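A short worksheet on the structure shown next.
The values are calculated or read from the model by the stated rules, or taken from the named source; none is laboratory data. All figures in this text were calculated on a predicted structure; none of them were measured in a lab. Note: ideal-geometry Cβ built from the backbone for every residue, glycine included; neighbour counts use all protein chains shown.
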Amino acid sequence: MTARRPFKGVFPVAPTVFDDHGELDLDGQKRALDFMIDAGSQGICVLANFSEQFVLSDAERDLVMRTALEHVAGRVPVIVTTTHFSSAVCAERSRRAQEAGAAMVMIMPPYHGATIRVPEDGIYEFFRRISDAISIPIMVQDAPVAGTPLSAPFLARMAREIDNLSYFKIEVPQAAAKLRTLIEIGGEDIEGPWDGEEAITLISDLEAGATGAMTGGGYPDGIREITDSFFEGRRDDAFAAYQRWLPLINYENRQCGLSTCKVLMKEGGVIASEAVRHPLQPLHPATRAGLIETARRLDPLVLRWT
């Protein structure tokens, strides 16, 4: 298929699948991608923080990226996260992603640890250099983990002045207000105002004008119930669907984090191991049991996919 812009809808983050020894499981990776497509994902993001990108070597990142892009083979658009502090490294990662078939790259502003930050002028130049290296869209990931304030006027300015920068994943506190302001200021330069943070603020963000949602990969079918209804103008149905799925969304966002997708996929037989890579730790058995119980009440495809 040929991906058409603007990209809209549910683009969940794919987990990076490991075996019980912490090694890459590429067969499991492919099954995870197939499940996510079968469950209604309108696109997929790889190598994000929820993909444990920070525990992968550069060679492993490249292998996961190429495996994903070759296996998805254009069935849905694939976003590749290329975040790095170095402008040169990020540009090179982004160029390789484009050459391998990525539809978009997602990038956080440069940061390191709790204290090393880059001022606004440096952030602007960072994204300009990435844009100069590629011709596919850039999504700015505006998330608390970077600890870098990105005001709506500054984001709108970058969208206006930097050619390929036109998508924004907003997952900071008061995301809906920021999305609304960004859309008002940026106008047509804001091609993709998106929701994130596991859809915990999805309804508010949709009301503010979000056109995409980047969630965890465990239950895209559930998120589609919300977004499809909303985009079709069935606002009451969207609210009702959100209310149904909110306990599971909350479990992911507040209790289980990036393990959620892997646990659900393991429980349903999609993948053989739910292992996260050390020093990340597995879920407490009671937390895991609560997640599964909450999910079973909703009957997501992940628990019955074969």
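Taken over the stretch 101-123, the criterion of being surrounded by fewer than 20 Cβ atoms within 10 Å (Cβ to Cβ) and closer than 22 Å to Pro6 by Cβ is satisfied by Gly101 alone.
For (1) touching a residue at least 12 places away in the same chain (Cβ under 8 Å); (2) more than 18 Å from the chain's Cα centre (by Cα), each residue gets a yes or a no:
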site: Asp163; (1), (2): yes, yes
site: Ala177; (1), (2): yes, yes
site: Glu184; (1), (2): no, yes
site: Glu188; (1), (2): no, yes
site: Ile203; (1), (2): yes, no
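All conditions in (1) assigned to a helix (DSSP H, G or I); (2) at pLDDT 95 or above; (3) surrounded by fewer than 16 Cβ atoms within 10 Å (Cβ to Cβ) hold for Asp163, with the sole exception of (1). Of the residues making up the stretch 38-60, those that are surrounded by 21 or more Cβ atoms within 10 Å (Cβ to Cβ) and over 21 Å from Pro220 (Cα atoms) number 0. Taking the stretch 216-238 as the range and being touching a Leu at 6+ places or on another chain (Cβ under 8 Å) and assigned to a loop (DSSP other than H, G, I, E, B) as the test, the residues that pass are Gly216, Gly218, Tyr219. Only one entry of Phe126, Phe85, Phe35 meets the criterion of being surrounded by 23 or more Cβ atoms within 10 Å (Cβ to Cβ) and either at positive phi or among the aromatic types (Phe, Trp, Tyr) (or both), and that entry is Phe35. Scanning the stretch 258-290 for residues that are out of contact with any helix residue (DSSP H, G or I) (no Cβ under 7 Å at 6 or more places or on another chain), of a type outside the set (A, V, I, L, M), touching a residue at least 24 places away in the same chain (Cβ under 8 Å) and not in a helix (DSSP H, G or I) gives Gly269, His278.
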